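The values are calculated or read from the model by the stated rules, or taken from the named source; none is laboratory data. Note that this is a predicted model, so its numbers are computed, not measured. For neighbour counting, all protein chains shown are included, and Cβ atoms are generated from backbone atoms with ideal geometry for every residue, glycine included. The accessibility values were calculated without ligands, DNA or RNA, using every heavy atom of the protein model including side chains. Shrake-Rupley method; radii C 1.70, N 1.55, O 1.52, S 1.80 Å.
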Amino acid sequence: MAKPEYYYGVHSVESLLSLEPERVLTLFTLKGREDQRLQHILELAEPFGISVQKASRDSLEKLAGLPYHQGVVAAVRPYPVLNEQDLDQIFASKKDVLLLALDQVTDPHNLGACVRTAAAMGVDAVIVARDRSASLTPTARKVAAGGAERVKFIQVTNLARTLAHLKDRHYCRVVGTMLDETAKSIQDCDLSGALVVVMGAEDTGLRPITQSQCDEKVYIPMAGDLQSLNVSVATGMALYEACRQRNITHQP
C-alpha cells in the first residue's frame, strides 16, 4: 500500500469527506476540541466507519508538517496522478472545456489559491508542468479550501507541447496573460468555446516557449501605475471574465 498523504484544515477535510470519503483512512482530531465544526466532520465520517483518534497539538503538527492544522488531520489514500491522457478524456465527455494552465507557479500558497478560484469558476482542470511547478501539497490543498477535490489537477511533462496538442487535436484556443505591446484587453478577447487560460508567475511571466503556443495575448486593465498582480489574484480576474462571457453566450 502506498504511503498515505495527510490533509489538514477544516475546509479541506470537510470537502474530502463529502466528495471522496472512501479515501480517508484515519481522522486525527485535537484532544479537547468539541466545537460544532469538528462535530460536523465527525458526523460526515461516521457512516463510513472511519477511525477517529484523539491527538495532541504537537502530534497534529508533526502529521501536518505545519502548525496551521486547525485541530484536524486526515490520513488519506494518495490520489492517482492525472496526466495528458486524462485531458483527452475531459474533451471526450464535454464540448466547451475551460482549462487553467499555470506556467512555473512554484509557491504552494499561490497554487492553492488558483485551484480554489478555478473550482469556484467551474474550470474543468488545472494544468501544471511536473518540473519547476508547485504540486498539490497539503499546504496547497488547505489554501484551496476544498477546491482541490472539485477540480482535476493534471501534471504534464511539457506544458508547451501539451498546449500544442490541445490546439491540434481538440481545436482548443489558448489565451495567455502578459504585459506585451501586442496584448489586448482581456475584455476585448473572445473567451467562449473550448479554452485554455494560461497564467505565468508574477516575477517571470510566461516563458517564451509557452508564449509561442498562445493564440492571443491579453492583459488585465488596471488603474494607475500598477504593473502586475499576484498570480492568484490575476487568475481570479481572468477566470471571472471568461465565465462572464461564457454565461452570456449560453443564455437562451
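FRET efficiency for the pair A164 and K31, taken as 1/(1 + (r/R0)^6) with r the Cβ-Cβ distance and R0 = 41 Å, rounds to 0.15. Residues whose amide H falls under 5 Å from that of F153, counting only those 5 or more places apart or on a different chain, are V126, with hydrogens built in the peptide plane.
Working from Cα pairs under 8 Å separated by at least six residues, relative contact order for region 5-76 is 54 percent. Region 28-54 and region 59-77 have Cα centres spaced 14 Å apart.
Can you pull the percent of the chain's accessible area that's carbon plus sulfur, 1.4 Å probe, other chains left in place? Summing carbon and sulfur atoms, their accessible area is 49 percent of the total for the chain.
Straight-line reach from K3: taking Cα to Cα under 24 Å and skipping same-chain neighbours fewer than 8 places apart, the lysines in range are K54, K62, K142, K152.
With coordinates expressed along the principal axes, the C-alpha atoms belonging to the chain extend over 59, 43, 40 Å, beginning with the largest. The long axis of helix 108-120 is offset from the longest Cα principal axis of the chain by roughly 80 degrees. Accessible surface of T162, taken over heavy atoms with a 1.4 Å probe and every protein chain present, rounds to 10 Å². Once the 1.4 Å probe is applied to the protein heavy atoms, region 1-147 comes out at 49 Å² accessible per residue. Principal-axis analysis of the Cα atoms of the chain puts helix 10-19 at an angle of about 80° to the longest axis. Calculated over region 5-76, the projected area of the Cα convex hull averaged across directions stands at 4.0 nm².
Running Debye on region 156-221 with equal point scatterers at the Cα sites and no solvent, what base-10 log of I(q)/I(0) appears at q = 0.23 Å⁻¹? One equal scatterer on each Cα of region 156-221 leads to -1.00. Were the residues from A223 through A92 laid out at 0.36 nm apart, the gain over their Cα-Cα distance would be 43.0 nm.
Between the helical axis of 159-170 and the longest alpha-carbon principal axis of the chain there is an angle of about 70 degrees.
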